[in-house]
Amino acid sequence: MTTKSTKPTVGTEAIDRLRPNITSVYMGNAAAVDRVIVCLLARGHLLIEDVPGVGKTVLANALARSVRCSFTRIQCTPDLLPSDIIGVSIYDRDKGVFEFKKGPIFHNIVLADEINRTTPRTQSALLEAMNEATVSVDGKIMTLQQPFMVVATQNPYEFEGTYFLPENQLDRFLMRISLGYPAPDDESRIIEQQPARTTLAGLQPVLTGEELVELQEQVDRINMDRALIDYIIALAEATRQNDDLQIGISPRGSLALAQAARATALMHGRDYCVPEDIVSNVLPVCAHRVISKTYMQSGDTATTRRIIQQVMETVPSPA
């Protein structure tokens, strides 16, 4: 496998500003912050799943406030309607025509808080926007302004009042991550500083929307050796042939893994990918795209992650 010389890519300084800006408010899982940045650079959407109170909304807000672009928050509830997300056409008596009033989906960064507390019908209103960056209204297709990212949070499925996200909805998220509980030192800082109540409101952007779009375009130009492409295909094929999995990684999942690897390379200041860029992203990118045979009965995601880990151990990584 051939690689180019290590050379910081243009824009690395902007990424270096982004990380400490987020961690000044979200004082928890540092690896999760890197996942969020990779997702942002890869033009992906992010699903954060964990128990209440561990900072899911704080992390999403810190990301949105770190980029100078439009941001909105949707609090998902059982009575939320698709029109509450997309918008609605209102009749203007003076003009004698219907005028479309845009909904929150037309912002650059959209936080869908507790997405699995709303009905599958309303969840599906996000599908086209997340996949095509367009919205169809009254027979017309409206293109969403770039950058565009959906950050959704959800509580574990066993919590009361939650709905399963359909497989086709889950597949639109580039990553699904968990935050876990903070380390004792971090929790001490949270108690002392209370960042969600104090510093979050004053957090200043360190990246413009135009700079972000330029960084996303740089991700597309990151070199990926053919051996690494073959490695991704081998991983996907191994999940499709695994007897413990009902559904393996799809071609969309392979594309997502490659894009996340390129974004990881850019975040580390390289213009080429290495095997570690792929390995580090397999679980957050692929675990929610495959379905184990036990998941259909119990909803157990830990089993799925264990199977993916076993698959990674059986597929040799390029040297």
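Might you check whether a residue that is at pLDDT 90 or above, part of a loop (DSSP other than H, G, I, E, B), touching a helix residue (DSSP H, G or I) at 6+ places or on another chain (Cβ under 7 Å) and among the aliphatic types (A, V, I, L, M) occurs anywhere in segment 67-81? Within segment 67-81, one or more residues are at pLDDT 90 or above, part of a loop (DSSP other than H, G, I, E, B), touching a helix residue (DSSP H, G or I) at 6+ places or on another chain (Cβ under 7 Å) and among the aliphatic types (A, V, I, L, M).
From the list Ile109, Ile177, Ile105, Ile115, the lone residue that is aliphatic (A, V, I, L, M) and without any contact (Cβ under 8 Å) to a residue 40 or more places away in the chain is Ile105.
Look at Ala31 and say whether it is among the small types (Gly, Ala, Ser), closer than 28 Å to Leu255 by Cα, buried (at least 23 other Cβ atoms within 10 Å of the Cβ) and within 16 Å of the chain's Cα centre (by Cα).
Working: among the small types (Gly, Ala, Ser): yes; closer than 28 Å to Leu255 by Cα: yes; buried (at least 23 other Cβ atoms within 10 Å of the Cβ): no; within 16 Å of the chain's Cα centre (by Cα): yes.
When the stated conditions are applied, Ala31 does not pass them.
What residue, of Ile37, Ile105, Ile48, is among the hydrophobic types (A, V, I, L, M, F, W, C) and either in the same structural domain as Gly253 (by TED's automatic domain parsing) or not in a helix (DSSP H, G or I) (or both)?
Values: Ile37 fails: either in the same structural domain as Gly253 (by TED's automatic domain parsing) or not in a helix (DSSP H, G or I) (or both); Ile105 fails: either in the same structural domain as Gly253 (by TED's automatic domain parsing) or not in a helix (DSSP H, G or I) (or both).
The unique qualifying residue is Ile48.
Within segment 111-149, if we keep just the residues that are part of a loop (DSSP other than H, G, I, E, B) and within 24 Å of Arg65 (Cα to Cα), the residue that is nearest to the chain's Cα centre (by Cα) turns out to be Phe148. Of all the criteria given as (1) among the basic types (Lys, Arg); (2) assigned to a loop (DSSP other than H, G, I, E, B); (3) loosely packed, with under 14 Cβ neighbours inside 10 Å, the one not satisfied by Arg252 is (2).
Of the residues examined, Arg262 is not one that is touching an Asp or Glu at 6+ places or on another chain (Cβ under 8 Å) and either assigned by TED's automatic domain parsing to the domain that holds Asn168 or not in a helix (DSSP H, G or I) (or both). Considering only residues in segment 83-99 that are of a type outside the set (A, V, I, L, M) and not in a loop (DSSP other than H, G, I, E, B), the one that is nearest to Ala112 (Cα to Cα) turns out to be Asp84.
Among what's in segment 194-212 and is part of a loop (DSSP other than H, G, I, E, B) and polar (S, T, N, Q), pick the residue that is surrounded by the fewest Cβ atoms within 10 Å (Cβ to Cβ).
So in segment 194-212, the residues part of a loop (DSSP other than H, G, I, E, B) come out as 194-206.
Then keep just the ones that are polar (S, T, N, Q); that gives 194, 198-199, 204.
Working: Gln194: 11, Thr198: 10, Thr199: 13, Gln204: 8.
In this case the residue turns out to be Gln204.
Answer yes or no: is there a residue in segment 145-168 that is touching a Cys at 6+ places or on another chain (Cβ under 6 Å), surrounded by 15 or more Cβ atoms within 10 Å (Cβ to Cβ) and within 24 Å of Arg252 (Cα to Cα). No, segment 145-168 has no match at all. From (1) exposed (fewer than 12 other Cβ atoms within 10 Å of the Cβ); (2) closer than 20 Å to Leu63 by Cα, pick out the condition that doesn't hold for Arg172. Every condition holds for Arg172 apart from (1).
Residues in segment 100-136 that are buried (at least 19 other Cβ atoms within 10 Å of the Cβ) and aliphatic (A, V, I, L, M): Ile105, Ile109, Val110, Leu111, Ala112, Ile115, Ala125, Leu126, Ala129, Met130, Val135.
For Leu174, are the conditions met, namely being in the same structural domain as Arg73 (by TED's automatic domain parsing), at pLDDT below 90 and among the hydrophobic types (A, V, I, L, M, F, W, C)? No.
The values are calculated or read from the model by the stated rules, or taken from the named source; none is laboratory data. Remember, it's a predicted structure, so these values are computed and weren't measured experimentally. All Cβ positions, even for glycine, are placed from backbone atoms using ideal geometry, and neighbour counts span all protein chains on display.
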